[in-house]
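Take a look at the structure below.
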Amino acid sequence: MSSDTAPGQAPPPLPAVKVPVAPPTQPENQPAPTKTEKPAIEMEKPGIARLQESDVIRTLSGILTTSGITDLTRLGWPTLRAASLLTTFPNAMREMSQALSRRSAANAAPILAVIGEGVGHGRSIVTSNVALAAARDGARVLVIDADRENRALSNKLTGSSKPEAKRLGWLSIGRKASRAIKTANGIEILPVIGSTHAIRKALTRARASDDYDLIIVDGPAMPFSTEERELIDVADGLAAVLPASLDINGCMDDIIAALHGARRKLIGVIIDELQPAMAAPHRSA
């Protein structure tokens with residue numbers, strides 16, 4: 001079942017968002033750099049992306065469930081249209097990906113943590129579409145569910161098909177094998193695996209494996225615990241999801257307050273303009 005909004009329809013005006021700009025890394029009272037020193041580079045202003053109804057297609061998981069490999073576009077969540085590669089959302093995500101790569105270590109897959117406020121599956125739906133946009137550009141993507149409280153992505157995947165139809169692939173990361181779900185979309189997804197420490201170890205192994213071009217962390221949920229801040233620390237960049245149904249500037253203020261010094265890692269803001277009522281999980285009879 002597809003959205004009623006035509007893909008070619010002009011998008012409404014961009015909501016006004018107070019996007020923070022991190023101060024320069026060099027204090028003002030620092031001596032001027034000598035000729036042999038490079039001046040401190042001011043952090044980039046976070047980009048803004050909009051995930052709109054015109055970007056996605058909606059399906060009923062009960063109708064499109066298959067007995068084969070998991071397909072993110074058949075879970076019942078709104079997902080990017082196949083012909084959306086040149087629309088504003090994928091283009092904005094490409095710009096964020098470039099900013100993320102500039103912040104990551106050379107020859108290592110960058111880690112992007114998708115954070116945000118709001119209840120329900122909104123952030124996880126956005127995370128799935130961020131992964132789809134990257135995979136359709138040819139990136140090898142690993143998504144790790146780090147929301148140990150809600151587990152929206154994990155529950156959606158494990159409950160998307162009959163038990164006998166579910167296929168779990170073994171993802172070898174370093175000397176330890178971690179169970180990951182391989183999808184038909186060029187994306188591998190690691191469900192919630194336990195403690196925050198275990199998630200961080202999985203991130204380290206995945207980065208060292210050279211099997212991925214991008215690692216996306218779904219979560220952690222706000223407010224962050226002391227342990228969950230470890231995931232913020234290990235991420236190269238952060239993308240904040242702001243539900244358009246809420247006060248987006250108020251949400252942005254709360255996120256910045258929660259991040260403290262990690263606000264420097266914020267590379268982008270994604271405004272979730274999908275209709276909340278339609279984004280509710282599909283319930284089978």
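The values are calculated or read from the model by the stated rules, or taken from the named source; none is laboratory data. Just so we're clear, the structure is a prediction, and the values are computed from it rather than from any experiment. Here Cβ is always computed from backbone atoms with ideal geometry, including for glycine, and neighbour counts include all displayed protein chains. Just so you know, the surface numbers come from the protein's heavy atoms only, side chains and all, with ligands and any DNA or RNA stripped out. Shrake-Rupley method; radii C 1.70, N 1.55, O 1.52, S 1.80 Å.
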Just flag the GluC sites (Glu not before Pro) in the stretch 178-236 sitting in loop per DSSP whose Cβ has no more than 16 other Cβ atoms within 10 Å. GLU227
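Below 9 angstrom from the Cβ of TRP77, what's the summed charge of the other residues (Lys, Arg +1; Asp, Glu -1)?
+2
Using a cut-off of 12 Å between beta-carbons, work out the net charge of the residues near GLY116 (Lys and Arg +1, Asp and Glu -1, GLY116 not included).
With Lys, Arg at +1 and Asp, Glu at -1, the net is -4.
Ordering LYS45, LYS182, LYS265, LYS156 from largest to smallest accessible area (1.4 angstrom probe), what's the sequence?
Most to least solvent-accessible, the answer reads LYS45, LYS182, LYS265, LYS156.
Using r as the Cβ-Cβ distance of HIS260 and ARG94, and R0 as 35 Å, what FRET efficiency do you calculate, to the nearest 0.05?
The formula returns an efficiency of 0.75 here.
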